[in-house]
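**Student:** Can you keep this structure in mind? I'll have questions shortly.
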Amino acid sequence: MTSLALLLGVLGLGGVAASYSQAEAWARDGIALKGSAASGPPFRVGTSGRPIGPSDSRIDTVPPYLVFPEPGLDDPAAYEGYRTRVYQDASGNAFQVYLKGSSGRVVNLWADAADESVGFSVRDSSGKPAELAWGSSGAVVTGPAKTRSVSYGLELPSSVSIGLFLLGSMRVERDFQYAGRDSLPLGTPAFPQSELSELIDHIAKLKAPERVRHLSLVGAKTIDVLRARLLPRATAKIGDTAWVVRVEQVSFDGKNHLWFALEGDARETVPALSGSTVTVRRPAGGPVRVSVRVTTDAPALTPLTRAEIFNEEFRRFAEQVRADTAHPLRFRRLEREVRGVELLCYREKLMAGLPNFATYFGRDMLMTALLMQPVWAPAMSEHVVASALGKLSPAGDVSHEEALGGQAIRENAAEYNRLVSAGRLARARVRLGQLAATRENYIMVDDDFQLPVVAARFLADPRVPADRKRRFLQVEGRLGRLVSNLAFVARKAAPYARDPVAMNLVSFPRAPDGTWISASWRDSRAGYGGGRFAMDVNAIWVPHALEAVGTILDALKQLGVTPVTREQPLATFTRERAALQRAVAAWKGAERHFRVALAPNDVSEGVAARVRGLPPAEGEFWHGAAQRTGAVADTLRFLALSLDGAGRPIPIVNTDPAMLLLLDSLSRNRTLELIGPITLPYPWGLFVDDLGPLVANDAYAAREVWEGFHRDPYHSPTVVWGRDVNALLAGLARQIRAASSPSDSGPLDDALQRTITAVDRSGLRHAELWSYNIENGRLVPSRYGTSSDVQLWSLTDLAVQYLLEPKTP
């Protein structure tokens, strides 16, 4: 069978295998083929069936690299009609397709250098979200040449309408869904971007010579040409045996293209294109089978292999798990997580997660580096630190998130609009000429203090030769950048080190409405209960960052590297180690501001009030749970999630103290003190059997905190986060190994096994986060709606598995 005929057989057209002569005819007629590149730029098929393109692309048929839910590993009911497959394209970049049954939305994420996506909505003849199914067992990938393509099959009801096409940045697709626009009529413009429309209006108002200059910077001769880039362009062609609807989106700066093609068998189905809506009918009844093809000319990233990512000890461990044929599911789960890490790791950066966060996120990357240190190859820390240093601001703070491709264009367009409005045309032209330049977001606080911790571990790692560390620091100005970050940390820590009162702690920035931005990992609006000073930032990360400053300075001295440190107080710390030690000691006392102690009566009253405030079914369930576990008999002590604007604790029980188990060697009593509230059953503490430790418990906080979490449940008492589960398990494993006797480790072993059992029974241990529903008086775990399918810091479960495996002497 020729390669072209094989491709047609893989994807299928109407369930009928097309002959090779038909395939050639379609190619001559310009009809897009499964496995050809006819849906994108011009592309020829030779008589051998091998594609011939500008750079002689390759065609491969590939199975999904990951599938969710996966039979035997996942409970499909918990996914509530959501299904997804992740492929590797011809350059090894992740390409994810998900089918969202609740809305009929199909989204194609391309996790490449532009973080691209192609989304569309499918509705049945009654106007409701259509039932979506896979129409092929795998996909066809082409490239790498000037373009890359991925094709796959879908199976739809006998009469469907398809619209709300959105081609561009995955960030735009994410905002489109967050805004609820996936329920709009199909012919509606999917997501008007006001920044771009305003930019066009600004250019249109310029005098003719200036207007021409501005238009030339985005490769447009007229305003109409530029305005046409706001929406995708759809065309249709129907042949005797096949039809194709093509949708093309030119990037707003005119430099890149995304192509989407919907293809079917003209002998079975009848397509029609009206405006931006496609209808497809199968007159004889039965399913409509179509193939979807997505093509891009954006740059690809350079993937890392598992041999580059994982150290030899972990690879041996993985082989042992593979060889354990008595427990095949264990290896399937481990292999799935290894593949997930591969899909997120590139030489240029590590991505936070698929599908919504397929870009650099400083915190996610740094946190993962800490958790994965036991299983990662030493070079991975280099990738992490280099990536963070490369995006450092001139002031020394760490980038939280990058904006790429279409999202960068949106943000740069907004900046252009501000400059033009201010009459600063020269600077506006510079911005317009760099419209797709990557933008960095420096709003977060915690990642600034995490970088020194990770960098210190890398520079102090005895596995890494000294010469390699020196070379690392000499490239791309990294030594200077690292010193800049250390100076930033020392500067931010200085007020509290001088005068250790609550109001001198590191604060969140203010929002325009006067509230405090949740600028640490719980970065939803309600994440820190409206607090100004986060416990994790001030009681965990700042003290450890200051300790890391000392470790880095010592490491540099041992390497014979003398950095220039003029800025205070870092310059003093460099000369006088005692000054740094005093600052560390002051900050180690910051925990006292967050300590909460509640008498048993106050605990009971808080829980009773909170349970009464829940919806009836939920309130009844948790009232019963509280009755079964019994009230707290002693004082409940925990570290508050945050302090309010006046420096007073906001009494929200939380999982953040578990991070201390990972970072420090603790006594048995200190460990039990920190994990006690986490393992205490909810609604008194955080722990829920068959689910795991909830991320927060607001029962002891004010009603306005309850209402905030109800409006924004992302970090609320209804969710478990895989990140925190892994930090807790890895921290417990560390403390158990350090325990001096079985009597010391026994309670920690119990906590570890309880946690593992609960999250395993949830069926969602691999997920970014998960929640629950109360159905007929039972707690039923459920996938959180916007949860990532492949999340970097959730995949740190690999390190947990490795740490928990008994080691051969």
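The values are calculated or read from the model by the stated rules, or taken from the named source; none is laboratory data. Here the structure is a predicted model, which means the values were calculated and not measured. Positions of Cβ are generated from backbone atoms using ideal geometry, with glycine treated the same way; all protein chains shown enter the neighbour counts. All accessible areas refer to the heavy atoms of the entire protein, side chains included, with ligands and DNA or RNA removed. Shrake-Rupley method; radii C 1.70, N 1.55, O 1.52, S 1.80 Å.
**Student:** Filter the range 757-768 down to the residues that are modelled with pLDDT of 95 or more and open to solvent by less than 30 Å² (accessible area, probe 1.4 Å) and list them by number.
**Tutor:** Result: Ala758, Val759.
**Student:** Of all residues in the range 334-348, which are in contact with a helix residue (DSSP H, G or I) (Cβ under 9 Å, 6 or more places away or on another chain) and at pLDDT 95 or above?
**Tutor:** Residues satisfying the conditions are Leu334, Glu335, Glu337, Val338, Arg339, Gly340, Val341, Glu342, Leu344, Cys345, Tyr346.
**Student:** Could you look through the range 480-537, keep only residues that are of a type in the set (Val, Ile, Thr) and in a helix (DSSP H, G or I), and pick out the one that is nearest to Ala548 (Cα to Cα)?
**Tutor:** Val489
**Student:** Right, another one. Just give me the residues in the range 266-297 being aliphatic (A, V, I, L, M) and crowded, with 23+ Cβ neighbours inside 10 Å, in sequence order.
**Tutor:** Those that are aliphatic (A, V, I, L, M) and crowded, with 23+ Cβ neighbours inside 10 Å: Val278, Val280, Val288, Val290, Val292, Val294.
**Student:** From the list Thr635, Thr574, which residue is free of Cβ contacts under 8 Å to residues at least 40 places away in the same chain, in contact with a Pro (Cβ under 9 Å, 6 or more places away or on another chain), closer than 19 Å to Arg481 by Cα and open to solvent by 30 Å² or more (accessible area, probe 1.4 Å)?
**Tutor:** Sole residue among the options that is free of Cβ contacts under 8 Å to residues at least 40 places away in the same chain, in contact with a Pro (Cβ under 9 Å, 6 or more places away or on another chain), closer than 19 Å to Arg481 by Cα and open to solvent by 30 Å² or more (accessible area, probe 1.4 Å): Thr574.
**Student:** Given the conditions (1) among the hydrophobic types (A, V, I, L, M, F, W, C); (2) touching a residue at least 40 places away in the same chain (Cβ under 8 Å); (3) open to solvent by 20 Å² or more (accessible area, probe 1.4 Å); (4) outside any helix (DSSP H, G or I), report the number of the one that Ala414 does not fulfil.
**Tutor:** Looking at each condition in turn, Ala414 falls short on (4).
**Student:** Residue under question is Tyr772, and the condition is that it be over 30 Å from Arg105 (Cα atoms), in contact with a helix residue (DSSP H, G or I) (Cβ under 9 Å, 6 or more places away or on another chain), among the aromatic types (Phe, Trp, Tyr) and buried (at least 21 other Cβ atoms within 10 Å of the Cβ); does it hold?
**Tutor:** Criteria not met by Tyr772.
**Student:** For Ser387, which of the numbered conditions (1) under 24 Å from Ser169 (Cβ atoms); (2) in contact with a Ser or Thr (Cβ under 7 Å, 6 or more places away or on another chain) fails to hold?
**Tutor:** With (1) under 24 Å from Ser169 (Cβ atoms); (2) in contact with a Ser or Thr (Cβ under 7 Å, 6 or more places away or on another chain) applied to Ser387, the lone miss is (2).
**Student:** State which residue pairs qualify: first residue under 18 Å from Gly619 (Cβ atoms) and inside the range 697-714, second residue part of a loop (DSSP other than H, G, I, E, B) and among the aliphatic types (A, V, I, L, M) in any location, beta carbons under 6 Å apart, and separation of 6 or more residues or different chains.
**Tutor:** Within 6 Å, the pairs are Asn697/Leu686; Asp698/Ile652; Ala701/Ile652; Phe709/Ala526.
**Student:** Check the range 385-398 and report whether any residue there is surrounded by fewer than 23 Cβ atoms within 10 Å (Cβ to Cβ), in contact with a Phe, Trp or Tyr (Cβ under 8 Å, 6 or more places away or on another chain) and of a type in the set (Lys, Arg).
**Tutor:** Checked the range 385-398: at least one residue is surrounded by fewer than 23 Cβ atoms within 10 Å (Cβ to Cβ), in contact with a Phe, Trp or Tyr (Cβ under 8 Å, 6 or more places away or on another chain) and of a type in the set (Lys, Arg).
Listed here are the residues, each with its yes/no results for (1) open to solvent by 10 Å² or more (accessible area, probe 1.4 Å); (2) closer than 24 Å to Arg457 by Cα.
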{"site": "Ala490", "(1), (2)": "no, yes"}
{"site": "Ala502", "(1), (2)": "yes, no"}
{"site": "Ser507", "(1), (2)": "yes, no"}
{"site": "Ala519", "(1), (2)": "no, no"}
{"site": "Gly531", "(1), (2)": "no, no"}
{"site": "Ile552", "(1), (2)": "no, yes"}
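**Student:** Do we have Ala699 as open to solvent by less than 10 Å² (accessible area, probe 1.4 Å), modelled with pLDDT of 95 or more and either in a helix (DSSP H, G or I) or farther than 27 Å from Asn669 by Cα (or both) here?
**Tutor:** no
**Student:** Let me ask something additional. Give the residues of the range 90-119 that are among the charged types (D, E, K, R) and open to solvent by less than 10 Å² (accessible area, probe 1.4 Å), sorted by residue number.
**Tutor:** Arg105, Asp112, Asp115
**Student:** Out of curiosity, is Arg628 surrounded by fewer than 18 Cβ atoms within 10 Å (Cβ to Cβ), charged (D, E, K, R) and without any contact (Cβ under 8 Å) to a residue 40 or more places away in the chain?
**Tutor:** Judged against the criteria, Arg628 is a match.
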